[in-house]
Amino acid sequence: MFTIRLISGIILVLIALLTVGSGGILLFVTTVSISLIGLFELYRVIKIQRNLLGYMGYLAVIAYYGLLWFHMEDKMLLLSVGFLMILMSIYVFAFPKFQLEEVSVAFLGLFYVAVMLSYLYQVRSMEDGKYLVWLVFLSSWGSDTCAYCVGSLIGKHRLAPVLSPHKSIEGAIGGVVGAALLGSLYAGVFGESMIGLSTPIFTCMLACAVAALISQIGDLAASAIKRNHQVKDYGKLIPGHGGILDRFDSMLFTAPAIYLAITFLR
């Protein structure tokens, strides 16, 4: 299992280097694809992945990314309201075929998966984006690694014993501190190329710390959804890791966190 997980991890890193490093339409298409697969996994948990609610959700994701590609983000509120009205119409006219939870998750999925993950592309599109986008990974995967190491060594106090018995408060702190150190080291190497930041080391360190803290919520939120529905993994697409949401759960939160932090700290 370890070997399979390691090989899958290496492949994921190589894909990230290619798509994120290239940016542009390659990263855009990759982000759209991951969003649709992740949404399918979320919908499968409550069994709406292949019914009318699910199909409307997939169309809403495609519409959202269309707005993003053509720089029409100001229409997002209109899309949201229209999507909700369509879902509620289906709920009413098909009553009692669908439950309110199914309608709610169909609507939530657009934001929880697609909108949140789209910030990976949006960070890459920012000024200095080719450097800043890697902060998303440092504060997500880097934080996870640091948290695991610290938690294994000195973790004693459970962070969320019901949702994730192996996570500790010490590990969570270690993940935040580790991400901050990784961010500062990264800025120490590439900071001179970040022309849009007045204090690259401080900005990257603080952005990674904030994102790593929020990533803990992303990880636990994904676990909570699975626990509520007695699901072990969201899928089997990534051998040794599970599904898209199992691997990208924390990144759903770190991507928008990095975007907001950098925007605020510039």
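The values are calculated or read from the model by the stated rules, or taken from the named source; none is laboratory data. Owing to the predicted nature of the structure, the values given are computational and were not obtained by experimental measurement. Note that we place each Cβ from the backbone using ideal geometry, even for glycine, and neighbour counts take in every protein chain shown. In case anyone asks, the SASA skips ligands and DNA or RNA and just uses the protein heavy atoms, side chains included. Shrake-Rupley method; radii C 1.70, N 1.55, O 1.52, S 1.80 Å.
Counting only helices (runs of 4 or more DSSP H) that sit completely within region 130-190, those holding 2 or more residues that are closer than 30 Å to Q230 by Cβ and either aliphatic (A, V, I, L, M) or open to solvent by 60 Å² or more (accessible area, probe 1.4 Å) (or both) correspond to 143-154, 169-190.
The residue list S223, S198 contains one member that is within 17 Å of the chain's Cα centre (by Cα) and modelled with pLDDT under 95, which is S223. Scanning region 225-246 for residues that are open to solvent by less than 40 Å² (accessible area, probe 1.4 Å) and among the basic types (K, R) gives a single hit, K226. With the requirement that a residue be in a helix (DSSP H, G or I) and polar (S, T, N, Q), what does region 104-129 give you? Passing the criteria: S104, S118, Q122.
Among the residues examined, I25 qualifies as free of Cβ contacts under 8 Å to residues at least 24 places away in the same chain, open to solvent by 40 Å² or more (accessible area, probe 1.4 Å) and out of contact with any Lys or Arg (no Cβ under 8 Å at 6 or more places or on another chain).
Would you point out the residue of region 191-205, among those that are part of a helix (DSSP H, G or I) and of a type in the set (S, T, Y), that is farthest from R266 (Cα to Cα)? Looking at the filtered set, the residue picked out is S193.
Go through region 206-261 and count every residue that is in a loop (DSSP other than H, G, I, E, B) and touching a residue at least 60 places away in the same chain (Cβ under 8 Å). Selection size over region 206-261: 10.
Just one residue in the set I7, I15 is farther than 26 Å from S125 by Cβ and either surrounded by fewer than 21 Cβ atoms within 10 Å (Cβ to Cβ) or of a type outside the set (S, T, Y) (or both); that residue is I7. Do we find that Y55 is open to solvent by 70 Å² or more (accessible area, probe 1.4 Å) and among the hydroxyl-bearing types (S, T, Y) in this structure? When the stated conditions are applied, Y55 passes them. Filtering region 44-57 to residues that are under 20 Å from F93 (Cβ atoms), assigned to a helix (DSSP H, G or I) and of a type outside the set (A, V, I, L, M) leaves G54, Y55, G57. Of the set (1) touching a helix residue (DSSP H, G or I) at 6+ places or on another chain (Cβ under 8 Å); (2) surrounded by fewer than 19 Cβ atoms within 10 Å (Cβ to Cβ); (3) of a type in the set (A, V, I, L, M), all apply to A222 but (2). Could you list all residues from region 91-114 that are within 29 Å of the chain's Cα centre (by Cα), open to solvent by 20 Å² or more (accessible area, probe 1.4 Å) and of a type in the set (A, V, I, L, M)? Residues satisfying the conditions are L100, V105, L108. Can you find a residue in region 30-43 that is assigned to a loop (DSSP other than H, G, I, E, B) and either without any contact (Cβ under 8 Å) to a residue 24 or more places away in the chain or under 27 Å from Y91 (Cα atoms) (or both)? No, region 30-43 contains no residue that is assigned to a loop (DSSP other than H, G, I, E, B) and either without any contact (Cβ under 8 Å) to a residue 24 or more places away in the chain or under 27 Å from Y91 (Cα atoms) (or both). Taking region 238-252 as the range and being among the small types (G, A, S) and within 14 Å of S139 (Cα to Cα) as the test, only S250 passes.
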